[in-house]
Every structure is written in C-alpha cells, then in structure tokens.
Amino acid sequence: MQTLIVGLLTALIVVMLIVRSRNLHLHVTSDQRWGVQKFHKGRVPRIGGIGVAAGLTAALAWSGWRGLVAVEALWLLLAAVPAFAAGLAEDLTKRVGVLARLGATMASAALGAWLVDAQLPRVGVPVVDDWLVWAPASLALTLVAVAGVANAVNIIDGFNGLAAAVCMLMFTAFGYVAWSLGDVLLVQVCLAMIGALAGFFVWNYPRGLVFLGDGGAYLVGFVLAEVAVLLVVRHPGLSPWFCLLVCAYPIMETLFSIYRKRWVRGVSPGVPDGLHLHMLVYRRLVRWAAGPDASRDMTARNAATSPYLWALASVAIVPAVLFWRSEPLLIASAVLFLVAYLVVYVRVVRFRAPRWMRKRVGRR
C-alpha cells in the first residue's frame, strides 16, 4: 500500500506543478485548437504523462529501497523509455507520425522481451501456440500485441477520466491475480501504476485541467501490456484469455476502429475520425446541456461521458477477475463482451439507447 501512496503523492504534486505553471509552457504543451477528436474548450496542457512517469518511477524506487522488487522493475522502466519519449515528443512538437510512434512502442516491446523476458509463450489458441514455440514468431507476436495495447490506451484517451479510470480498473484486476499467485514484483508494479494514475486523475477529472497526452497513454499502455505478458510468462497455469478479457474494451475499440477505417471507409487506420464509441456516446447519449456558459457545459458533458465507458469496461473486467481460474468461462465471457460491444455500438449509432441511459447534464 505504501507503494501506491508514494506513486499517488508524487504524481499529484508533479501534475499540480504542471497545471499551476501552465502559463509558462502552454504555447508548447497545449493540444491543437481544433480537430475531429477535440471535445473541450480552451487550451489544455497534454503532458500529464510526465506526472504519471514520475509517480511510477518514485513508487518503484520506494519498493526497491524496501526490498520488495528486484532489478526487473528498473529494466521495465528502461524498456518503457522509447514509447514514452516518442509520445511526449508528439505532445510537444505535434510532428511525430503514427508509424514513428508505432515503431517506438515496438522498440519498447523488444527491450521488454530482452531485459525482463516479456515474450509471449502462448495465447490460448492451440494452432497459434504451436507456432509460438518458434522464438521469432513469439517475438513478432509480442511486438504487435504490446504495441497494439499501447495504441489502444491512446485511442480511448478521449474524455476526462476515461483512460485513467479504465486503466486503474485493469491494473487492479492484474494486481489482484498477481497477488493471488504470489507475484510480488507484478503486484508492486500494479500498485505503482494505480497510485500514479490516481494522482493524475485528481487533476484530469472532472474538469480536465490536464491531459494524459500521447506520452502518458503510451507509457501506461506499454506497462499494462508488459504486466499482461509477464503474468502469462511467469505463471504457466494462468490462461492468456484472462489478460485478453481484462483489456477487452480498449482492444475491441482498436480492432473495430481498424475495420471501420480500412474496410468500411477505405482510409488509413491512422487517420483520426469521430466515430469511436466514446465519441458517439458523447454525441448521442449525453445531450447538450442548458445554460449560458457553453464552455462549462462542454466540460460537464465531457465528464459525463466517461462513466458510461467505465461501466462497459467493467463488463469485461469483472468476469475476468471472477473466472480467472477457468479458461472456458473466460472464453465465453470474451465472446459475450464482443457481442455486447457490437450491440451497444449499433444501438448508439441508431439512436436506440434505452431511455434511462439518456440524460441531460447541467439541466436546472
């Protein structure tokens, strides 16, 4: 618990300094003035990932000083540097392309495979598992999987508190199972990340005073993916479907986004659009608020969007925790979540959401 507290306090203070000094750096650190994925008013610093990185580092350093984690924690932090640096560079310059960032996250995954042996030995699919005996195939799949999860966290980072809260839920699930398996290292990593994200969350939700940014999203997504891979590597009796189900919401969002762009619209998957589920929830379920202050109303609508997606993510995370010892139930839960996601998406697109799910924000 001390690890969590150190991470929380460190991130809380660092992000506070970022927010309080915004006038000094906003010309460099703010987001773009417009875009199809912008759902807030004004200019906001998008370097909250620095606070998360500081919280994670301080928490793991504390754990190391207390003798709770070995040198693997240091190697994991080192492996995260390329992904975090590429994302932070994009936050500051707005000139780092999608492929460059994807390459950086793959480089981090390669470092993770080398430094902490984070390389997928199996995925719970017999035919694929036969191929993963061949080391190059295992490494290739690991690079794609880790980079994919890191990018998935970046994709769901669209509204105040959305990515941070969902990732805290996912790290809690991983931490619980790691604790059940007696894996002190992964428990400490999860506690460190939960604390760091909680410290950031205070300033991000509900008012959106700072954003996670690409640097923070890639850092959190990379560590999340590495914890998932290491759980499978270090515990042969644990089904990979547990890790897949925990991360089902961001993974599904990413896969459906690729399908929608590549095969439905015929454009590159890297092109931003406004059709992610969280954006549709914002436009269709959270109605325009009444009142003269449009800026405040937009902030209220933004914050009111995230709880819908927290609930959706929990539909996958809760059964993953309940059934983590049973692979058949994990697979069944994954299939049910896939169906639930598609049904929700279609109903939201067609304005068929149940009446009780629709609400007005700020209505007096």
So which pairs qualify, if the first residue must be in region 33-57 and farther than 14 Å from Ala164 by Cβ and loosely packed, with under 14 Cβ neighbours inside 10 Å, the second must be at pLDDT 95 or above and basic (Lys, Arg), the Cβ gap must be under 6 Å, and the two must be at least 6 apart or on different chains? none
Any pair with Cβ under 8 angstrom, 6 or more apart, that starts in region 206-224 at a residue that is modelled with pLDDT under 95 and ends at one that is among the polar types (S, T, N, Q) and part of a loop (DSSP other than H, G, I, E, B): Pro206/Asn160; Arg207/Asn160; Gly208/Asn160
Is it the case that some residue within region 319-337 is touching a Ser or Thr at 6+ places or on another chain (Cβ under 6 Å), modelled with pLDDT of 95 or more, of a type in the set (D, E, K, R) and surrounded by fewer than 19 Cβ atoms within 10 Å (Cβ to Cβ)? yes
The condition of being part of a loop (DSSP other than H, G, I, E, B), closer than 23 Å to Ser257 by Cβ, β-branched (Val, Ile, Thr) and touching a residue at least 40 places away in the same chain (Cβ under 8 Å) holds, among Val146, Val123, Val153, only for Val123
Starting from residues that are touching a Pro at 6+ places or on another chain (Cβ under 8 Å) and of a type in the set (Val, Ile, Thr), keep the ones in region 7-24 and report whichever is surrounded by the fewest Cβ atoms within 10 Å (Cβ to Cβ). Val19
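Out of Val187, Val210, report the one residue that is in contact with a Gly (Cβ under 6 Å, 6 or more places away or on another chain), surrounded by 21 or more Cβ atoms within 10 Å (Cβ to Cβ), within 22 Å of Ala304 (Cα to Cα) and among the β-branched types (Val, Ile, Thr).
Val210
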Taking the conditions exactly as written (among the hydrophobic types (A, V, I, L, M, F, W, C), in a helix (DSSP H, G or I) and more than 17 Å from Trp241 (Cα to Cα)), does Ala164 satisfy them or not? yes
Within region 97-108, of all residues that are modelled with pLDDT under 95 and of a type outside the set (Gly, Ala, Ser), the one surrounded by the most Cβ atoms within 10 Å (Cβ to Cβ) is Val98
If I ask for residues that are in a helix (DSSP H, G or I), of a type in the set (A, V, I, L, M) and touching a helix residue (DSSP H, G or I) at 6+ places or on another chain (Cβ under 9 Å), which ones from region 234-264 would you list? Leu244, Leu245, Val246, Ala248, Ile251, Met252, Leu255
Tell me which residues, restricted to region 222-276, are within 30 Å of Gln188 (Cβ to Cβ), of a type in the set (Ser, Thr, Tyr) and under 18 Å from the mean Cα position of the chain (by Cα). Tyr249, Thr254
Selection status of Ala192, surrounded by fewer than 17 Cβ atoms within 10 Å (Cβ to Cβ) and outside any loop (DSSP other than H, G, I, E, B): no
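The values are calculated or read from the model by the stated rules, or taken from the named source; none is laboratory data. Bear in mind the structure is a predicted one, so any value in this text is a computation, not a measurement. Heads up, the Cβs are rebuilt from the backbone with ideal geometry, glycines too, and the neighbour counts pull from every protein chain shown.
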